[in-house]
1. Can you list the residues, at least 5 places off or on another chain, whose amide H is less than 5 Å from the amide H of residue 44, using H built in the peptide plane?
2. In a Gaussian network model over the chain where Cα atoms closer than 10 Å are linked, find which of 96, 180, 42 has the largest mean-square fluctuation.
3. Quick check: the angle from helix 184-195's long axis to the longest principal axis of the chain, C-alpha only, nearest 10 degrees?
4. Segment 49-99: Rg/Rh from Cα coordinates, Kirkwood Rh?
5. Which whole-Hz ³J(HN,Hα) couplings does segment 157-165 yield from phi under the Karplus relation 6.51 cos²θ - 1.76 cosθ + 1.60, θ = phi - 60°, glycine and proline marked x?
6. If amide H atoms are built 1.01 Å from N in the plane of the peptide, which residues on other chains or at least 5 residues away come under 5 Å of the amide H of residue 103?
7. Can you compute the charge dipole magnitude of the chain about its Cα centre, using +1 on each Lys and Arg Cβ and -1 on each Asp and Glu Cβ, nothing else charged? Give it in debye, rounded to the nearest 20.
8. Quick one: which of 157/184; 111/146; 74/177; 98/156; 98/121 span more than 28 angstrom between C-alpha atoms?
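Please treat every number below as a calculation from the coordinates, not as lab data. Please read these numbers as outputs of a predicted model, since none were measured by experiment. For neighbour counting, all protein chains shown are included, and Cβ atoms are generated from backbone atoms with ideal geometry for every residue, glycine included.
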Amino acid sequence: GKNIVVSNRALLEEQAAAELENLSQKYTVGMTVSGTVKSIESYGAFIDLNGFQALLPISEISRSRISNVADVLKVGQEITAKIIKADWKHEKVSLSTKELEADPWDSVAEKFPVGTEIEAKISRVADFGVFVNLAEGIDGLVHISKLNVERNTNLKKVFNPGDEISVIVEKIDAEEKRISLSTKVSNEEENNANEY
């Protein structure tokens with residue numbers, strides 16, 4: 001009886017290895033696939049690809065910042081994603097839905113030319129400045145030196161995410177995905193200083 005159990009296990013392992021081999025040929029890096037959201041975790045979602053579970057990390061869901069996966073995905077939801085990593089030896093496959101979205105940075109210079117004034121919302125506050133959301137997936141930075149505050153001010157006590165702020169586009173580096181902003185007040189002060 002024991003021999004049957006061992007050979008049965010070997011048979012199952014062989015079968016699993018064959019199935020894995022089939023999957024590795026069917027699903028390759030760079031391919032676009034469809035799957036179903038199987039479960040949601042704090043770090044991403046597991047997507048069912050015909051019986052194989054692939055991970056869609058939270059950072060790969062969207063070009064916009066996402067803090068809670070459950071806000072954008074639901075169990076049972078059908079999604080289309082791109083395979084960005086495949087380690088079949090360890091049975092790990094990573095997906096990205098972000099890769100299928102148009103990159104908003106491609107048209108950022110036309111949308112927000114230098115000198116553009118924008119009323120926007122603060123997305124997060126750091127020690128060195130505030131990040132302002134200009135459009136879906138695009139944040140710019142107002143450095144502390146451009147914020148009309150005292151040098152050692154604790155910015156988190158002055159600014160809050162969600163606050164409206166009037167900013168001016170100073171510099172765009174689309175390749176590095178960085179936009180430098182200034183506030184209207186700091187810009188006017190600079191201009192006045194230049195006049196003297």
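1. Amide H neighbours of residue 44, under 5 Å, 5+ apart: 58.
2. Among 96, 180, 42, the largest GNM mean-square fluctuation belongs to 42.
3. Tilt of helix 184-195: around 50 degrees.
4. Values: Rg = 11.4 Å, Rh = 11.8 Å.
Looking at segment 49-99, the ratio lands at 0.97.
5. 8, 9, 10, 10, x, x, 5, 7, 9
6. Counting only residues 5 or more places away or on other chains, the set is empty.
7. Values: 23 positive and 32 negative charges, 168 e Å.
About 800 debye.
8. Details: 157/184 21 Å; 111/146 22 Å; 74/177 30 Å; 98/156 30 Å; 98/121 23 Å.
Over 28 Å Cα-Cα: 74/177; 98/156.
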